[in-house]
Amino acid sequence: MLGAQAGSKQWWRSRLEAPPRTQNNQVLGIGSGSTIVHAVRRLAERVKEENLTIVCIPTSFQARQLILQNGLTLSDLDRHPELDVAIDGADEVDSDLNLIKGGGGCLTQEKIVAGYAKCFIVIADYRKKSESLGEQWKKGIPIEVIPMAYVPVTRALTKNFGGAAELRMAVSKAGPVVTDNGNFILDWKFDKVHEWGEVNTAIKMIPGVVETGLFIDMAEVVYFGMEDGSVSVREKQPR
């Protein structure tokens, strides 16, 4: 079992070109989370080995620090409003490549960067692979809200869509989690399968909602690192 776990940790380095679909003279969106740490380290190695010119746009404070620590070129959407590729992780991926993201609290900036990329690639481990949302991820769908509105938004979510919504509390500070944008996060634990595109649009219309952790019809391909160190690829199907 220990060998399988070690193999799983090295799947990105050993099985994929890192990151996939990256070429010289590209602008890349760099996501947040533990999986992306390994991808960025390998990207930095490749930039050095192949003398690539790559510009990186972060999705969070963590991503910004990661870019700088690895000696990559940092930029922003003011200077590079269109990206070639965005690379990020996910908390869960269903069979249609719909995602739940935001477990780390960076959903709004992650969605902005992914939304302005020509291609959005997701890297995740096997535990994030599902047929339907909610099958693996049990912590709910993160929803970023304006602080003054978290109570009425909580009521609106449960009234309109069922389930329960909870204000996410911080671990190492008193009070709630505060996002990079100065907002709160509600975790909506749904109690049934929904039509996620419709629900995503409806939630975003609630006054006080900034963004949801539902990434609908955005990912082009997902690379899953499997427990044995292999890679499973799930691609968007033509409609």
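Please compute the volume of the convex hull spanned by the alpha-carbon atoms of segment 110-239 and report it per residue in Å³.
Expressed per residue, the convex hull around the Cα atoms of segment 110-239 is 139 Å³.
Just to confirm my numbers, what's the Cα centroid distance between segment 137-185 and segment 20-91 in Å?
29 Å
With equal scatterers on the alpha carbons only and no solvent term, can you work out the Debye log10 of I(q)/I(0) for segment 61-111 at 0.22, 0.26, 0.27 1/Å?
Log-scaled intensity ratios, in q order: -1.01, -1.17, -1.20.
Would you tally the net charge around Cys106, using a Cβ to Cβ cut-off of less than 12 Å, leaving Cys106 out, and scoring K and R as +1, D and E as -1?
That works out to -3.
Nothing charged except the Cβ atoms of Lys and Arg (+1) and of Asp and Glu (-1): what's the magnitude of the dipole of segment 134-201 about its Cα centre? Round to the nearest 20 debye.
About 260 debye.
For the chain, report the accessible area per residue in Å² (1.4 Å probe, heavy atoms, rounded to an integer).
49 Å²
Separation of segment 115-130 and segment 188-233 by C-alpha centroid, Å?
Cα centres, segment 115-130 to segment 188-233: 10 Å.
Could you give the length gained on full extension between Glu235 and Met148, defined as 0.36 nm per residue of separation minus the Cα-Cα distance, in nm?
Extending this stretch completely gives an extra 27.3 nm.
Shape call for the chain from the C-alpha gyration tensor, a ≥ b ≥ c root eigenvalues: rounded (a/c under 1.5), prolate (a/b greater than b/c) or oblate?
Prolate shape, in that a/c is at least 1.5 and a/b is the bigger ratio.
So, by mean Cβ neighbours within 10 angstrom, what's the order for 182-191, 228-237 with the highest one leading?
The packing order, highest mean first, is 182-191, 228-237.
Using R₀ = 25 Å, calculate the FRET efficiency as 1/(1 + (r/R₀)^6) where r is the Cβ-Cβ separation of Lys173 and Tyr126; round to 0.05.
0.15
On a 0 to 90° scale, report how tilted helix 34-50 is relative to the longest principal axis of the chain, with both axes built from alpha carbons and the result rounded to the nearest 10.
So the helix axis and the longest Cα principal axis differ by about 30 degrees.
Share of the chain's accessible area from carbon and sulfur, percent, 1.4 Å?
Ligands and nucleic acids excluded, carbon and sulfur give 49 percent.
Could you give me the ³J(HN,Hα) list for segment 27-32, computed from phi with Karplus coefficients 6.51, -1.76, 1.60 and θ = phi - 60°, whole Hz, x at Gly and Pro?
9, 10, x, 10, x, 10
Please compare each pair in Lys118/Lys189; Lys129/Lys173; Lys128/Lys192; Lys48/Lys118 to a cut-off of 23 Å on the Cα-Cα distance and tell me which ones are over it.
Correct reply: Lys118/Lys189; Lys129/Lys173; Lys48/Lys118.
Where Lys and Arg each count +1 and Asp and Glu each count -1, what net charge lies around Leu97 among other residues with Cβ under 9 Å from its Cβ?
-3
The values are calculated or read from the model by the stated rules, or taken from the named source; none is laboratory data. Here the structure is a predicted model, which means the values were calculated and not measured. Ideal geometry is used to build each Cβ from the backbone, glycine not excepted, and the neighbour counts take in all protein chains shown. Accessible surface is based on the protein model in full, side chains and every heavy atom, while ligands, DNA and RNA are left aside. Shrake-Rupley method; radii C 1.70, N 1.55, O 1.52, S 1.80 Å.
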